[in-house]
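A.B. asks: One structure, pasted below without further comment.
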Amino acid sequence: MHPLLHSVLQGHTGVDALGTALRLAGGPLRTDRGDDSVALTFVWLGDAPAVSLQCGLVPGGASIELDRLGDLPVWSAELVAPRDTLVSYRLVIDDPFLGAHDLDDDGWQRLMLVAQQRSFADPHNPERIAPLAVLFGLPVPPEQYESVLALDHAPSAPWFQPHDAPPGSLHRFEHTSAALGDRRAITVWTPPVPATEHPLVLLLDGTSFLQLAELPHALDLAVARGDMRPPIVAFVHEAEGSAGLADRTRELSCNPAHASMLVDELLPELRRRFPVSTEAADTVLGGASLGGLASAFTATGRPDVVGNVLSVSGSFWFGLERDGRDQWLTRQLQIEPVRGLRWYQQIGRLEDGPLAVAPDVTHLQANRNLHELLVTQGVDVTYDELGTAHDVCAFRVAVLRGLCALLPR
């Protein structure tokens, strides 16, 4: 138990003084362990039937229950974190995920929306990010956002701080796909720096990167600082009428029709509409999680038109649904080696928990296996293994790091 909590329990320190200490700490109380880790004490103040913590530091992203401090309105849990940790977390009253097992995409989505209505940001931590529930139309006030925890050695992310850099412009059009038989919005960010020819970036899960990650704001500063060649960035939205996670899984799991939509339909349309290079070397395809998998699958099949893969926490464990074995794409690339591509590949060291969809491999292990194969094949790959988890606050930082690596000035 943290010494301050022990003092509160003994009556030597008041709950108000504990709140002041939490505000000064900017969230959880921190205790140096004398090595490369820090003990974090997460605290919730207030009466509640039960309080839990959802945090990327917990293996597999499971909820953990906070312990009540005697009969006081004080709840706490302690976790150990590496010094380079960058994760999001939230506190949940009467968490519906506790005791839930073997959830499919629909079941997880349903409980996620229920849990959001009982979730709160850490009131002592001013750093917040919008939660996933926003994408499903649930109105979420800032006090119910997720909190962002960045320890002293966390990856630098200056692009997401307030700034007054010249803003780019956003354009939106509807794209109809013959390959998929659907229609979707495409939002395009163009930089305030005029040029006759820009690199082109296609980012999957565009709604998430726009509404949660606030990527246009970050791109404004990255271009103003000269951190990358000014690109034109196309955010690819989900299809109209998409039912959520289950449809996303079907679309992005190494789907040839989705790949055709991107390279045969959307890419030529973007090149017609905007002043972008037609060279594969100037074209980046990227995404996070299943979006990273889909980007790698598409680019490795069509290196003639896409020359760069931006894989953020790519779901390279995928395979059981395809042929009963995990890591399907990695196995395909052992047969047909990667040619003519540059890669940025990011994965979080905290993504080493069990996966119900691939029991014999973790996100981290699958990415390490793919990276080892790419190196063996002589691929030009920038590999970023960070102190992060599988969440948007990590994804958005990795996207900017990846663009800086793939599109250097």
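Derivation of every value follows stated rules applied to the coordinates shown; laboratory data play no part. The structure displayed is predicted, hence computed values, not measured ones. Reconstructed Cβ throughout: ideal geometry from the backbone, glycine too, with neighbour counts over all protein chains shown.
A.B. asks: Output wanted: per-residue J couplings in Hz (rounded whole) for region 50-65, from phi through Karplus 6.51 cos²θ - 1.76 cosθ + 1.60, θ = phi - 60°, x for Gly and Pro.
C.D. replies: Result, ordered by residue: 6, 10, 10, 10, 10, 8, x, 6, 8, x, x, x, 6, 7, 10, 7 Hz.
A.B. asks: To the nearest 10 degrees, how steeply does helix 363-376 sit against the main Cα axis of the chain, on a 0 to 90 scale?
C.D. replies: Orientation of helix 363-376: about 40 degrees from the principal axis.
A.B. asks: Additional query: Between GLU174 and ASP47, what FRET efficiency follows from the Cβ-Cβ distance if R0 is 51 Å, with the result rounded to 0.05?
C.D. replies: Once the sixth-power term is evaluated, E becomes 0.55.
A.B. asks: Could you check how many percent of all C-alpha pairs in the chain are farther apart than 41 Å?
C.D. replies: Summing the P(r) of the chain above 41 Å gives 16 percent of all pairs.
A.B. asks: Run the paramagnetic zone check for LEU138: 7 angstrom along Cα to Cβ, then residues of region 110-129 with backbone nitrogen under 14 Å.
C.D. replies: The answer is 110-121, whose backbone nitrogens lie closer than 14 Å to the label point.
A.B. asks: May I ask you to sort GLU197, GLU127 by Cβ crowding, counting other Cβ atoms within 10 Å and putting the fewest first?
C.D. replies: GLU197, GLU127
A.B. asks: With n ≥ 4 as the cut-off for DSSP H runs, can you work out [θ] at 222 nm for the chain, using -39500 (n - 2.57) per run divided by the number of residues, rounded to the nearest 500?
C.D. replies: Calculated at 222 nm, the ellipticity per residue is -8500 deg cm²/dmol.
A.B. asks: Using Cβ counts within 10 Å as a stand-in for footprinting exposure, how do ARG396, ARG183, ARG83 rank, fewest first?
C.D. replies: Lowest count first: ARG183, ARG83, ARG396.
A.B. asks: Now for a separate question. Inverting the mean 1/r over all pairs of different Cα atoms, compute the Kirkwood radius of region 223-297 and quote it in Å.
C.D. replies: With all distinct Cα pairs of region 223-297 included, I get 13.9 Å.
A.B. asks: Ranking ARG33, ARG401 by Cβ neighbours within 10 Å, fewest first, what do you get?
C.D. replies: Going from least to most buried by this count: ARG33, ARG401.
A.B. asks: With N set to the number of residues, divide the alpha-carbon radius of gyration of region 3-150 by 2.2 N^0.38 Å and report two decimals.
C.D. replies: Its radius of gyration relative to the 2.2 N^0.38 Å reference: 1.06.
A.B. asks: For the Cα atoms of the chain, what angle does the longest principal axis make with the long axis of helix 215-224, in degrees from 0 to 90, nearest 10?
C.D. replies: Value to nearest ten degrees: 70.
A.B. asks: How would you order 223-231, 387-395, 9-17, 323-331 from highest to lowest mean count of nearby Cβ atoms within 10 Å?
C.D. replies: 387-395, 223-231, 323-331, 9-17
A.B. asks: Pull out a ≥ b ≥ c, the square roots of the eigenvalues of the alpha-carbon gyration tensor of region 278-354, then state rounded if a/c is under 1.5, prolate if not and a/b is larger than b/c, and oblate in the remaining case.
C.D. replies: Oblate.
A.B. asks: Let me ask something else about it. What is the distance in Å between the Cα centres of region 13-81 and region 170-213?
C.D. replies: 40 Å
A.B. asks: Here is a further query. R0 = 30 Å: FRET efficiency of LEU103 with GLN211, Cβ-based, nearest 0.05?
C.D. replies: It comes out at approximately 0.80.
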